[in-house]
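The values are calculated or read from the model by the stated rules, or taken from the named source; none is laboratory data. Owing to the predicted nature of the structure, the values given are computational and were not obtained by experimental measurement. Counting neighbours? That spans all protein chains shown, and the Cβs are built from the backbone with ideal geometry, glycine included. Accessible surface is based on the protein model in full, side chains and every heavy atom, while ligands, DNA and RNA are left aside. Shrake-Rupley method; radii C 1.70, N 1.55, O 1.52, S 1.80 Å.
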Amino acid sequence: MPAIAFLVISFLGGFEITKRMKVNIWGRIAAGIGIGYLISGWIAYIVSYFSKVILGLTHPKVYGNIASIAVMLLITFLLIAKDKTKTSLATTKKESAFFIVLFAFILWTMFYVFHATTENGKELIKSGVTIFSDFAPHTAMIRSFSLHDNFPTQYPHYGGADVKYHFMFQFLAGNLEYLGLRIDWAFNWISATSLWSFLMLLYFIAKKVTGYAAAGVITVFMFFCRSSFAALDKIVNTLADGRWSDFFNNSQFIGYTNHEDWGLWNYNVFLNQRHLGFGLLIAAIAIMYFIDRLEWLDDIEVSGEGRLSRLKSECVIIGRHIAASKDAWTVSPGWKTAAVVGLMLGALSFWNGAVVVATLLILFGFAVWSDHKLDYAVTAVITLILTFIQTNFFMDKSVGQSIGVTYQFGFLADELTMPGVITYLIKLAGIYFIGVVVLMLVLRPSFKAMIFSFILPVIFAFTVSMTPDIAVNHKYVIIATIFLNIFFAYAIVRLWKDWHGILTKCIAVILIVLLTVTGAYDLLTIYNSDKNAVGIDLDSKLTGWLKDNIKETDLVLTGEDSMSETTFAGIMLYNGWPYYAWSAGYDTETRAHNAITIYGSDNKEEIENLVKCESITYIVYTDGMTYEDNPCSDKVIKQLYDCVFEDGNVRVYKTV
């Protein structure tokens, strides 16, 4: 099957490129998957775009895939012939078993919430209730590439304009469906392998930093299980009322802060924001490269009598080293690798922009404490240049709201003050951020510098907004906590292994329970919730007709469609479910007003003028539909335009 060949060759190219990484075979596999997807995805997209837009070819993705496979094969053979470096196979049976079980769990969860099944002779795609809302724009974008040629790329829930959403991961999934994989396999496979690969690299980062493999395992475990008092509160209440059946069958996310009922802070984020795992995979490669540069902080020799005197001496040494030494403001002999990291992060911008921002913030923190700061500058400048090029290529500043940086203090706190933020963090994460402060005070200097760096995305989330919806800043907090978990894992391992005594072991157990119990309960909630799923008929007559008759240049007026047979056709909607486009920066209010007018007006001339002015080529009407609670009718529409499709209570009108 072409899709399998694409994936295998993509991986082989990435695997050879990462040959010189200082990791064992599992780390190479992880990095190879990420680099392979990144390069092969961009080659396929760029060549497909050029083939259609510049050359006007009718099957652009054929050329894109041929070029991608050819280039990745060439990279593989050239590197095999040129570089005879051998990968270390140094691993253990326990480590291998851990990674295999981890992959099986991730892949199972991906399919649990999104899979194809057959019911009553119909092939349905099922999306769990915790993810189907976010999957509406994702699947629409995937289908715009697998069933159509969405070049130049538009946002399917706001067609006829630009694309303001990082879409490349969906392009990769769509390309795999085009090459023969069913949509659930296409999306789930790259999602599972990306997240699995990131967690393997996270394990290796934790193991490298702390010196304990157990810390790596605990860090990965904490990835799935967030910190909060909410589950403890739930347990206490259940002990009091004895309603254990309700406790174990709960399907509502718990918490004390705004939008926790969305699953905004738990593993559900990675089940619905599939591109986030891939973005973190690339970020982890960048962080692995630079993190060694903080180790010098642990080798400082200080003099003086008394704690205050030694602290003063240490601060003077560090200050001179990071600001006034000869090496502080130069490039290192390995600056070319820093440039490659910049190319990699820059290429990530339209796979997941938030991860790029968070990674640059973390690397800025590293740079503060490192020699050769110009290496970091090289990485940042290249990343920003590539991001600027892509942003200007894909996004039309005259359409809606472009990316902007505005000061907005407080994030989702009830009171937008410093005490309000502190209260919010305690309500959200329990002891977590209190623990971060304690760790910052007691751990060794290099760990202090790392914690400082990893906390920067949290500060960014609470002070800056780049989109109309401040809630999307939750990703910065999540990214920060994923890496901060390393130091909690280190503390837990030290309490258990190095400090003998039952008391320290009890403290370690209590600490890991407090840090993970709510996240563990969230996993149960996901399992319960997604027993219920939204089903879409893959063989729907409506989907089939739209797929075969609507082109990517058409603009289709529909109701407020989220995930439906209409969106699964991959067509460009005039104004789909408004939240998706609004949060991406589009002017959904104007289009919603126009849609209400077209569906509700009795004035033929007004409808005709609006349809023509807005370049709407098709109108979909469903009996009994409403638009923002306004009644709709096709009474006038059917007088103006020909009905070109009808199935049951659904009719499609062609306006041109």
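In this structure, does E628 turn out to be open to solvent by 50 Å² or more (accessible area, probe 1.4 Å), under 22 Å from Y579 (Cα atoms) and not aliphatic (A, V, I, L, M)?
Criteria met by E628.
Only one of (1) among the aliphatic types (A, V, I, L, M); (2) open to solvent by less than 60 Å² (accessible area, probe 1.4 Å); (3) at pLDDT below 85 fails for L308. Which number is that?
Every listed condition holds for L308 apart from (2).
Step by step: first the residues of segment 158-182, then only those that are farther than 20 Å from S349 by Cα and not hydroxyl-bearing (S, T, Y), then the one that is surrounded by the most Cβ atoms within 10 Å (Cβ to Cβ). Which residue is that?
That would be L176.
Filter segment 28-46 down to the residues that are over 20 Å from Q390 (Cβ atoms), more than 18 Å from the chain's Cα centre (by Cα) and touching a residue at least 24 places away in the same chain (Cβ under 8 Å) and list them by number.
The answer is R28, I29.
When you go through (1) outside any helix (DSSP H, G or I); (2) crowded, with 24+ Cβ neighbours inside 10 Å; (3) modelled with pLDDT of 95 or more one by one for F145, which number turns out not to apply?
Of everything listed in (1) outside any helix (DSSP H, G or I); (2) crowded, with 24+ Cβ neighbours inside 10 Å; (3) modelled with pLDDT of 95 or more, F145 misses just condition (1).
Hey, can you tell me all the residues within segment 458-478 that are open to solvent by 30 Å² or more (accessible area, probe 1.4 Å), of a type in the set (A, V, I, L, M) and modelled with pLDDT of 95 or more?
I459
Is it the case that segment 503-513 has a residue that's in contact (Cβ under 8 Å) with a residue 40 or more places away in the chain, open to solvent by 50 Å² or more (accessible area, probe 1.4 Å) and either at negative phi or not in a helix (DSSP H, G or I) (or both)?
No, segment 503-513 has no match at all.
Just wondering, is there one or more residues in segment 183-200 that are open to solvent by 50 Å² or more (accessible area, probe 1.4 Å) and within 24 Å of I536 (Cβ to Cβ)?
yes
Kindly check whether there is at least one residue in segment 47-59 that is open to solvent by 10 Å² or more (accessible area, probe 1.4 Å), charged (D, E, K, R) and over 15 Å from L343 (Cβ atoms).
Yes, some residue in segment 47-59 is open to solvent by 10 Å² or more (accessible area, probe 1.4 Å), charged (D, E, K, R) and over 15 Å from L343 (Cβ atoms).
Could you list, ordered by first residue, the pairs with Cβ atoms under 9 Å in which the first is in segment 411-424 and of a type in the set (V, I, T) and the second is open to solvent by 90 Å² or more (accessible area, probe 1.4 Å), at least 6 apart or interchain?
V421/E415; T423/D414; T423/E415
For segment 167-188, give me the residue count where each residue is assigned to a helix (DSSP H, G or I) and either within 15 Å of the chain's Cα centre (by Cα) or modelled with pLDDT under 95 (or both).
Number satisfying all stated conditions: 8.
State whether the residues of segment 461-473 include one that is in contact with a Gly (Cβ under 7 Å, 6 or more places away or on another chain) and under 18 Å from Y256 (Cβ atoms).
Yes - at least one qualifying residue is present in segment 461-473.
May I ask you to verify whether G519 is within 30 Å of Y621 (Cβ to Cβ), assigned to a helix (DSSP H, G or I), open to solvent by less than 40 Å² (accessible area, probe 1.4 Å) and of a type outside the set (K, R)?
Considered against the rule, which asks whether it is within 30 Å of Y621 (Cβ to Cβ), assigned to a helix (DSSP H, G or I), open to solvent by less than 40 Å² (accessible area, probe 1.4 Å) and of a type outside the set (K, R), G519 comes out as no.
Going through segment 528-554 one residue at a time, which ones are part of a helix (DSSP H, G or I), closer than 23 Å to H59 by Cβ and of a type in the set (S, T, Y)?
Selection gives T543 alone.
Tell me, yes or no, whether segment 464-471 has at least one residue that is on the phi < 0 side of the Ramachandran plot, assigned to a helix (DSSP H, G or I) and charged (D, E, K, R).
Looking through segment 464-471, none of the residues is on the phi < 0 side of the Ramachandran plot, assigned to a helix (DSSP H, G or I) and charged (D, E, K, R).
Test of understanding: among N258, N249, N268, N237, which residue is open to solvent by less than 50 Å² (accessible area, probe 1.4 Å) and not hydroxyl-bearing (S, T, Y)?
N268
State all residues of segment 28-58 that are among the hydroxyl-bearing types (S, T, Y) and assigned to a helix (DSSP H, G or I); if no residue qualifies, say none.
Y37, S40, Y45, S48, Y49, S51
Restricting segment 586-607 to residues that are surrounded by 19 or more Cβ atoms within 10 Å (Cβ to Cβ) and closer than 19 Å to K397 by Cβ, which is modelled with the highest pLDDT?
Among those residues, the one meeting the criterion is R591.
I'd like to know if segment 202-216 contains one or more residues that are crowded, with 24+ Cβ neighbours inside 10 Å, at pLDDT 95 or above and assigned to a loop (DSSP other than H, G, I, E, B).
No: zero hits.
Wholly within segment 555-647, which helices (runs of 4 or more DSSP H) include no fewer than the required count, namely at least 3 residues that are without any contact (Cβ under 8 Å) to a residue 60 or more places away in the chain?
Counting at least 3 such residues, we get 588-600, 604-613, 637-640.
Can you pull out every residue in segment 631-654 that is over 37 Å from the mean Cα position of the chain (by Cα), crowded, with 19+ Cβ neighbours inside 10 Å and within 14 Å of I550 (Cα to Cα)?
Passing the criteria: only Y653.
When F132 is evaluated against the numbered criteria (1) open to solvent by 30 Å² or more (accessible area, probe 1.4 Å); (2) within 18 Å of the chain's Cα centre (by Cα); (3) of a type in the set (A, V, I, L, M, F, W, C); (4) modelled with pLDDT of 95 or more, which criterion, by number, is the only one it fails?
Condition (4) is where F132 drops out.
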